[in-house]
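Structure first, commentary second.
All of the numbers you see were taken from the coordinates with simple rules; none came from a lab. What you see is a predicted model; the values in this text were computed from it and never measured. Here the Cβ positions follow ideal geometry from the backbone for every residue, glycine too, while neighbour counts run over all protein chains shown.
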Amino acid sequence: MNLYEYFSYKTYLIDLISDTHIKVSALSEMAGCNRSYFSQMINGKVQLTSDHIINLAEGLEFSELEKEYFITLCLLERSSLISTKEILEKKLNILRQKSLVLSKKIKDEGKSFELTDEMKGEYYSSWLYGQINVLTSIEDFQTPESIASKLNININLVKKILNRLRDMRLVIKKEKNYIHQAGNLHIPHKSPHNVVNHMNWRMRALQKVQEDDGIHYTAAFSISKKEIPILKSQLLEFIKKQREVIAASGTEEVYCFNCDLFNPS
């Protein structure tokens with residue numbers, strides 16, 4: 001169900017009840033009102049309050065954009081002044097356009113997937129976005145609870161990131177599960193986000209360096225100039241083979257591979 005196709009929050013809720021397994025009792029409890037009042041709303045006799053709508057938006061785990069749209073629908077139906085209705089209708093149109101723009105700006109070219117600049121700024125602000133995004137490709141880690149337990153972090157933070165990944169069209173939500181849907185994320189070599197991304201994961205590697213199951217290797221050495229291209233070629237060939245193995249593999253666990261070969265002077 002595409003929320004942005006609706007012009008009435010009541011119609012959306014009615015379709016939600018008829019097209020899914022969600023019951024009136026569950027929605028009324030989610031909204032924070034009794035079932036009788038919720039039924040009266042469906043029959044057109046009363047309106048839900050703003051508090052009810054916000055509770056529903058939270059309970060249905062809408063993205064931030066969907067929440068804003070849903071709440072605006074409620075305000076529109078509760079409004080009586082024509083001038084107020086016009087303002088709210090304009091806002092709904094803006095939100096619909098924003099939803100379309102978000103979809104169009106994301107470039108999916110088979111295996112390459114590029115976010116908008118605004119999205120990149122958020123996605124690469126922390127290693128958690130990438131970690132949670134990859135975890136959703138594993139069946140055992142497609143709920144906020146399982147991810148929070150896996151990473152030992154606050155579940156509210158996980159829900160926030162999952163909903164933002166949903167806004168970015170990197171995951172889709174099916175009932176309570178968040179499922180990975182995009183291909184490999186692409187960052188242009190000269191992008192500032194590329195530097196931030198490398199830094200985030202290397203800092204994470206330093207945090208994990210004392211654990212037994214990882215391999216952490218650092219070596220400073222002298223070498224003849226003619227051998228340097230050979231080392232680079234070997235590393236690039238290894239990375240190519242590694243990507244082939246990963247592409248053909250299943251999804252059971254998340255690992256991070258960092259590799260550096262550079263002149264530190």
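In the range 1-52, what trypsin sites (Lys or Arg not before Pro) fall in a loop by DSSP, with at most 16 other Cβ atoms inside 10 Å?
K23, K45
Looking at the chain only, what percent of DSSP beta bridges run antiparallel? Nearest 5 please.
Looking only at bridges with both residues in the chain, the antiparallel portion is about 80 percent.
Short version: ³J(HN,Hα) in whole Hz for each residue of the range 81-90, in order, from phi by Karplus 6.51 cos²θ - 1.76 cosθ + 1.60 (θ = phi - 60°), x for Gly and Pro, what are they?
7, 4, 5, 5, 4, 5, 5, 5, 5, 5
For Y6, Y69, Y37, what ranking results if the residue with the fewest other Cβ atoms within 10 Å of its Cβ goes first?
Y37, Y6, Y69
Sort out for me the Cα centre separation of the range 229-248 from the range 1-79, rounded to whole Å.
Each part's Cα centre sits 52 Å from the other's.
Nearest 10 degrees, 0 to 90: what angle lies between the long axis of helix 64-78 and the longest principal axis of the chain (Cα atoms)?
10
If you work out mean projected area of the Cα convex hull in nm² from the coordinates, which of (i) 13.1; (ii) 18.4; (iii) 21.8 do you get?
Computed from these coordinates, mean projected area of the Cα convex hull in nm² corresponds to label (ii).
How do M41, M199 rank when sorted from fewest to most other Cβ atoms within 10 Å of their own Cβ?
So the residues, fewest neighbours to most, are M199, M41.
Report the longest stretch of the chain that contains none of the GluC sites (Glu not before Pro) sitting in a DSSP loop with at most 13 other Cβ atoms within 10 Å.
Between the exposed loop sites, the longest stretch runs 1-174.
Rounding to the nearest 20 debye, state how big the charge dipole of the range 108-184 is about its Cα centre with +1 on each Lys and Arg Cβ and -1 on each Asp and Glu Cβ.
Here the size comes out at about 260 debye.
For the range 3-105, what class follows from the C-alpha gyration tensor (a ≥ b ≥ c being the square roots of its eigenvalues): rounded when a/c is under 1.5, otherwise prolate if a/b is larger than b/c, else oblate?
oblate
Within the range 108-184, what is the number of lysine pairs with alpha carbons under 18 Å apart, leaving out pairs fewer than eight places apart on the same chain?
Lysine pairs meeting both conditions in the range 108-184 amount to 11.
Per-residue HN-Hα couplings for the range 43-52, Karplus 6.51 cos²θ - 1.76 cosθ + 1.60 at θ = phi - 60°, whole Hz, x for Gly and Pro?
Residue by residue, the range 43-52 yields 7, x, 8, 9, 10, 6, 7, 4, 4, 4 Hz.
With contacts defined as alpha carbon pairs under 8 Å and 6 or more residues apart, what's the relative contact order of the range 108-184 in percent?
35
Using Cα pairs under 8 angstrom and six or more residues apart, how large is the relative contact order of the chain, in percent?
14
In debye to the nearest 20, how big a dipole does the chain give about its Cα centre with +1 on each Lys and Arg Cβ and -1 on each Asp and Glu Cβ?
Result for the chain is approximately 640 debye, rounded to the nearest 20.
Give the long-range amide H neighbours of Y178: residues separated by 5 or more places, or on another chain, with amide H under 5 Å away, using H modelled in the peptide plane at 1.01 Å from N.
T143
Over the range 116-265, what relative contact order in percent results from Cα pairs under 8 Å that are six or more residues apart?
Answer for the range 116-265 is 25 percent.
Calculate one ³J(HN,Hα) per residue across the range 133-146 by plugging θ = phi - 60° into the Karplus curve 6.51 cos²θ - 1.76 cosθ + 1.60, and present them in order as whole Hz with x for glycine and proline.
4, 5, 4, 5, 7, 9, 4, 6, 10, 10, 10, x, 5, 5
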